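The values are calculated or read from the model by the stated rules, or taken from the named source; none is laboratory data. In this text, all values refer to a predicted model and were calculated from it rather than measured experimentally. Cβ placement follows ideal geometry from the backbone for every residue including glycine, while neighbour counts extend to all protein chains displayed. Ligands, DNA and RNA are excluded from the accessible area calculation, which covers all protein heavy atoms including side chains. Shrake-Rupley method; radii C 1.70, N 1.55, O 1.52, S 1.80 Å.
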Amino acid sequence: LDHGVADARAYAESLIQAPSPTEGDERLRAVLAAATLLTHTVDAAWGQVWPTVLKDEQFGREVFSRIASEDHFGGALAQRLKEDQLGELYVWLSRQYPHVKDPSFDGTHVIGSRELVRRFRDGVLAYLKSIGTNKACEVIQRIVRELPELDWLSWTLADARAITRERTWVPPKPQDIIKLAGDSEKRLVQSGDQLLAVLI
């Protein structure tokens, strides 16, 4: 799958065709195939795996629990997904693994599967925030609406917007600064909002 072998992908996809197996070796093979497709194909085989996850939530939990045990902060999968897909995944994970039920520990402890999933879930949102695109901000805004119980998400949205401004900012050219300094009537216009402000 890492080398894009079409037959390997076709075989892996054949193992997760709905309805997904319910038990035994076939179930394990389907879970492994889905997890491997998600983390070892360029597009995460999203169009094939995600519908199966939505139809069988328990299957989805098994798949993402397995991924979380190796991809601790979601990076291997997250970088293969588009903003919309990351948003869908985060909302699904937040509903399957609610924040209010996250394990809490004091001191040294063994990290269990539920804590690994929490780290994975939160890593997906952190990656989405770090992308620094207007689309990522729109998706996080949608997440805020879909998960109103997580009031701290508004801070995540604010951070995402700050990162986007930083990534998309185009600094003025030195010659433009010199022109502005030499003529108080001149204005630097780099966006529609700035042009509107000048006109007003």
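For the chain, the solvent-accessible area of protein heavy atoms averages 61 Å² per residue (probe radius 1.4 Å; ligands and nucleic acids excluded). Looking at the stretch 127-200, the trypsin sites (Lys or Arg not before Pro) that sit in a DSSP loop and have at most 12 other Cβ atoms within 10 Å of their own Cβ are Lys186, Arg187. Against the chain, whose longest principal axis comes from its Cα atoms, helix 113-130 is set at around 30 degrees.
Sparsely packed loop sites in the stretch 102-199 (the GluC sites (Glu not before Pro) outside DSSP H, G, I, E and B with at most 16 other Cβ atoms within 10 Å) comprise Glu149, Glu185. For the stretch 112-160, with all protein chains in place and a probe radius of 1.4 Å, 53% of the accessible heavy-atom surface sits on carbon or sulfur. Here the contact order of the stretch 1-134, divided by its residue count and restricted to Cα pairs under 8 Å and six or more residues apart, works out to 24 percent. If you take the Cα centroid of the stretch 1-68 and the Cα centroid of the stretch 119-196, the two points sit 35 Å apart.
Once the gyration tensor of the Cα atoms in the stretch 74-200 is diagonalised, the equivalent ellipsoid follows with semi-axes of 41, 15, 13 Å, ordered largest first. Per-residue ellipticity at 222 nm, computed for the chain from helices alone with -39500 (n - 2.57) per DSSP H run of at least four residues, works out to -20500 deg cm²/dmol.
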